[in-house]
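Asks: One structure follows; several queries about it will come next.
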């Protein structure tokens with residue numbers, strides 16, 4: 001086993017290392033964690049709409065929140081302009097003509113980074 005002798009060079013190196021550790025652990029003033037703000041939603045799309053093609057608006061007041069929109073898989077008879085974003089936006093929801101002969105159900109889910117989920121359910125009549 002090798003022994004280490006304390007010399008002035010070793011003591012100086014040890015002191016420098018300890019000073020470096022104290023300096024490296026200095027607390028920094030960092031900005032606070034962002035807080036989510038209220039999330040609001042409004043739409044001109046009602047729970048029951050006519051068979052004709054039409055356009056509605058969806059207004060998302062996300063403030064500091066990010067948001068994303070989910071539609072059913074493989075849906076082709078309605079669309080939405082944007083599927084994700086942040087802040088406040090008004091966008092279009094477009095429904096195609098219902099020429100299927102039967103009423104059809106649709107939904108749009110809007111999620112926010114503040115963990116809120118809002119679902120808009122609607123029915124497009126066949127007549």
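Asks: Condition first: touching a residue at least 24 places away in the same chain (Cβ under 8 Å) and within 15 Å of residue 75 (Cβ to Cβ). Now tell me which residues in region 109-127 satisfy that.
Replies: Matches in region 109-127: 109, 120, 121, 122, 123, 124.
Asks: OK, next. If residue 117 satisfies every condition in (1) out of contact with any strand residue (DSSP E or B) (no Cβ under 6 Å at 6 or more places or on another chain); (2) surrounded by fewer than 13 Cβ atoms within 10 Å (Cβ to Cβ) but one, which is the exception?
Replies: Failed condition: (1).
Asks: State which residue is nearest to residue 61 (Cα to Cα) when the search covers only region 102-123 and only residues that are part of a loop (DSSP other than H, G, I, E, B) and modelled with pLDDT of 95 or more.
Replies: Of everything passing the filter in region 102-123, 103 is nearest to residue 61 (Cα to Cα).
Asks: Filtering region 62-78 down to residues that are more than 17 Å from residue 121 (Cβ to Cβ) and part of a strand (DSSP E or B), which residue is modelled with the lowest pLDDT? Lay out the reasoning, then the answer.
Replies: Restricting attention to region 62-78, the residues satisfying the condition of being more than 17 Å from residue 121 (Cβ to Cβ) are 62-68, 74, 76.
Then keep just the ones that are part of a strand (DSSP E or B); that gives 62-68.
Values: 62: 85, 63: 83, 64: 77, 65: 82, 66: 88, 67: 92, 68: 94.
Looking at residues that are more than 17 Å from residue 121 (Cβ to Cβ) and part of a strand (DSSP E or B), I get 64.
Asks: Any residue in region 86-99 that's at positive phi and without any contact (Cβ under 8 Å) to a residue 60 or more places away in the chain: show its pairings with residues that are surrounded by 12 or more Cβ atoms within 10 Å (Cβ to Cβ) and part of a strand (DSSP E or B) at Cβ separation under 9 Å, as long as the two are six or more apart or on different chains.
Replies: Short answer, once both residue conditions are applied: 87/60; 87/61; 87/62; 87/63; 87/64; 87/65; 87/66; 87/67.
Asks: Follow-up question, since we're still on this one. Based on what the data block shows, is residue 41 part of a loop (DSSP other than H, G, I, E, B), in contact (Cβ under 8 Å) with a residue 60 or more places away in the chain and under 28 Å from the mean Cα position of the chain (by Cα)?
Replies: In short, no.
Asks: Return yes or no: is residue 57 more than 16 Å from the chain's Cα centre (by Cα), closer than 14 Å to residue 122 by Cβ and part of a strand (DSSP E or B)?
Replies: Yes.
The values are calculated or read from the model by the stated rules, or taken from the named source; none is laboratory data. Remember, it's a predicted structure, so these values are computed and weren't measured experimentally. FYI the Cβ positions are ideal-geometry reconstructions off the backbone, even for glycines, and counts take in every protein chain you see.
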